[in-house]
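One structure is given here, and the rest of the page talks about it.
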Amino acid sequence: MTERLEGKKGLVVGIANEHSIAWGCAKAFQAEGAKVAITYLNDKAKPHVQPLAEQVKAPIFLPLDVQNETQMEAVFNTIKTQWGELDFLLHSIAFAPKEDLYGRVTDCSRDGFLTAMDISCYSFIKMARLAEPLMKKGGCMVTTSYYGGEQVIEHYGVMGPVKAALEGAVKYLAYELGASGIRVNTLSPGPILTRAAGGIAGFDSLIAEARHKAPCHDVPTIDDVGAMAAFLVSDQARHITGNISYIDCGYHIMG
């Protein structure tokens, strides 16, 4: 069988360890024939991410703190120099200061809200702007959200409004970049125990509830998300844009 992503080149941002959603996606991209560039947050994260980058034979492996303008531009300049083009981008990062994440949205600080919005939402917009000129033949940009951006999920806190903003940004990017053949989509997995999810109070109960309530009576894995991501960045999904793809065993349809 022909590999769907053979000849394609993509950037994966957001791998922290082997439990990361971004890692599930990177594995799927590489298995389908794509070359993937991978970033890591800082020197502390590098030892956890480097073996994974080597596993998928990533030809580009660079540091990226999305609040660091120099690092952001260096990643895309390296892609331009080494590859000359980019076919897809996966953005899977989210952060909010603990003191704001654990409390009520009503009580979140201005600085905490802006930090969460900058890292979790604006960084995708910035990457889209830098990736656009590299997607000369069109392409696909994908980010990750969660049902808490649409409905209130207890303990999700400030990340709910931030994910709502991210989903709104996806729609506008899809509209603005569509004429260039660039598609923009959102992945919305059900609860998966990742490093970021570990910071949400009562997350184990959330998983148990999702497994009970979802029609499939299960929760997804990072590999399930990766399979959907690989489809979305492939030419088979060439008419899918501005979309939220749920990988949640049907949880989102339950009232």
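Points worth noting:
- Comparing Ile244, Ile222, Ile60 in a Gaussian network model of the chain (Cα springs below 10 Å), the most mobile by mean-square fluctuation is Ile60.
- Loop-located GluC sites (Glu not before Pro) in the stretch 82-168 (DSSP state other than H, G, I, E, B) with a sparse environment of at most 13 neighbouring Cβ atoms within 10 Å: Glu154.
- Taken one residue at a time, the phi angles of the stretch 35-41 give Karplus couplings (6.51, -1.76, 1.60, θ = phi - 60°) of 8, 10, 8, 10, 10, 9, 5 Hz. Gly and Pro are set to x.
- Sequence-ordered 3J(HN,Hα) estimates for the stretch 168-183 from the Karplus curve with 6.51, -1.76 and 1.60 and θ = phi - 60° stand at x, 4, 4, 4, 6, 5, 4, 5, 6, 9, x, 5, 8, x, 9, 9 Hz, glycine and proline given as x.
- Among Ile182, Ile240, Ile21, residue whose mean-square fluctuation peaks in a GNM of the chain (springs only between Cα atoms under 10 Å): Ile240
- Pairwise FRET efficiency - Tyr172 versus Asn77, Cβ, R0 = 22 Å, nearest 0.05: 0.25
- Residues Arg4, Arg129, Arg183, arranged from fewest to most other Cβ atoms within 10 angstrom of their Cβ, appear as Arg129, Arg4, Arg183.
- DSSP bridge pairs, the chain: antiparallel proportion in percent, nearest 5: 0
- Cα gyration tensor, the stretch 94-226 - rounded (a/c under 1.5), prolate or oblate: oblate
- Cys with no candidate disulfide partner in the chain (beta-carbon separation under 4.7 Å rule): Cys25, Cys108, Cys121, Cys140
- Restraint check, Lys27/Lys126; Lys44/Lys137; Lys44/Lys126; Lys9/Lys213; Lys44/Lys213, Cα-Cα greater than 31 Å: Lys44/Lys137; Lys9/Lys213; Lys44/Lys213
- Fewest-first sequence of Cys108, Cys216, Cys140 by Cβ atoms within 10 Å of each Cβ: Cys216, Cys108, Cys140
- Amide hydrogen neighbours beyond the local backbone of Tyr40, cut-off 5 Å, H modeled: Leu62, Leu64
- Helix 69-82 axis, angle to the chain major axis (alpha carbon atoms, nearest 10°): 40
- Cα long-axis angle, helix 222-233 against the chain (0 to 90 degrees, to the nearest 10): 50
- Phi angles of the stretch 107-117 translate, via the Karplus equation with coefficients 6.51, -1.76, 1.60 and θ = phi - 60°, into HN-Hα couplings of 9, 5, 7, 4, 5, x, 5, 5, 5, 4, 5 Hz per residue; Gly and Pro are given as x.
- Near Lys136, the amide H atoms lying under 5 Å from its own belong to Leu86; only residues 5 or more places off or on other chains count, and H is placed 1.01 Å from N.
- Taking the longest Cα principal axis of the chain as reference, the axis of helix 203-213 is set at about 90 degrees.
- With 0.36 nm allotted per residue and the present C-alpha distance subtracted, the His212-Ser180 stretch has 7.2 nm of extension available.
- Mean ellipticity per residue at 222 nm, deg cm²/dmol - from DSSP H runs of n ≥ 4 across the chain, formula -39500 (n - 2.57): -11500 deg cm²/dmol
Here, each number is a calculation from the coordinates, and none is a lab measurement. No experiment lies behind these values; they were computed from the predicted model shown. Positions of Cβ are backbone-derived with ideal geometry, glycine not excepted, and every protein chain shown enters the neighbour counts.
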